[in-house]
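Reading through the structure tokens given below for one structure.
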Amino acid sequence: MKGNSKAKTHAAYIAEIDDDARREDIRQLHDLVRKTAPELAPTMEFGMLGYGKYHYKYKSGREGDWMKVGIANNKSYISLYCCASLDGGYVAEAFKERLPKADIGKSCVRFKRLSDLDPGVLEELIRTTAAANLMT
């Protein structure tokens, strides 16, 4: 399974991952999010693991619901979405130097193996995202 899943629960999503090492990495990341930010209720969003929900509305009038933190199993990497802003920037980008083996975009941290990342820094990233303002 890569990309969007039809799974209805986090457990089903994790169970359908073919690669044993990738499944374990996503399970551990899921456990880290649940331990670090238990206030973010688990959701399934667009075939991904989601944690916490918020409603957004852009100046253009476009609006919808999205997750605050998300995890996706992609073909070549795992994505950790951190959908929050802090001090005029994106939370994930503020951790770029501290997660040198990850490819970090505005709100997405992409990596091949969870072991490539410092667990303490990941925990701080998740905690900061949970506490930060929502993206607008």
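Every read-out reported here was derived from the displayed coordinates using simple, explicitly stated rules and does not represent laboratory data. Computed from a prediction, not measured in an experiment: that's the story for all the values here. Heads up, the Cβs are rebuilt from the backbone with ideal geometry, glycines too, and the neighbour counts pull from every protein chain shown.
Only Lys, Arg, Asp and Glu count, each charged at its Cβ (+1, +1, -1, -1), so figure out the dipole size of the range 10-134 about its Cα centre, rounded to 20 debye. Kindly include the intermediate steps, with their values, before the conclusion.
On the way: 19 positive and 19 negative charges, 68 e Å.
So the dipole magnitude of the range 10-134 works out to roughly 320 debye.
Using the Kirkwood formula on the Cα atoms of the chain, what hydrodynamic radius do you get, in angstrom to one decimal?
About 15.0 Å, per the Kirkwood formula over Cα pairs.
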Fill in the blank from the handout: Taking Lys and Arg as +1 and Asp and Glu as -1, residues besides Leu99 with C-beta under 11 Å from its C-beta add up to -2
Problem - 5 angstrom amide H check on Gly105, placed H, neighbours 5+ away - result: Arg110
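Could you work out [θ]222 nm for the chain from helices alone, using -39500 (n - 2.57) per DSSP H run of at least four and dividing by all its residues? Round to the nearest 500 deg cm²/dmol.
Values: 4 runs with 40 residues, N = 136.
Only helices count here, giving -8500 deg cm²/dmol.
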Handout entry: Whole-Hz ³J(HN,Hα) from phi, Karplus 6.51 cos²θ - 1.76 cosθ + 1.60, for the range 36-48, glycine and proline x
Key = 7, 9, x, 6, 8, 5, x, 9, 10, 10, 6, x, 10
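Where in the chain is the longest stretch that carries no chymotrypsin sites (Phe, Trp or Tyr not before Pro) classed as loop by DSSP and with at most 13 other Cβ atoms within 10 Å?
Numbers: sites that count: Phe46, Tyr58.
Counting at most 13 other Cβ atoms within 10 Å as exposed, the longest clean stretch of the chain is 59-136.
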Exercise for the section: Arrange His30, His55 by Cβ neighbour counts within 10 Å, fewest through most, would you? Expected result: His55, His30
Problem - Cleavage-rule hits, GluC sites (Glu not before Pro), the range 1-40, DSSP coil, Cβ neighbours within 10 Å at most 15 - result: Glu16, Glu39
Practice task
In whole angstrom, note down how far apart the Cα centers of the range 9-25 and the range 86-110 are.
Solution key: 25 Å
Exercise for the section: Determine ³J(HN,Hα), in whole Hz, for all residues of the range 125-133 in sequence, where each value follows from phi through the Karplus function 6.51 cos²θ - 1.76 cosθ + 1.60 and θ = phi - 60°; x replaces Gly and Pro. Expected result: 4, 5, 4, 5, 4, 4, 8, 7, 5
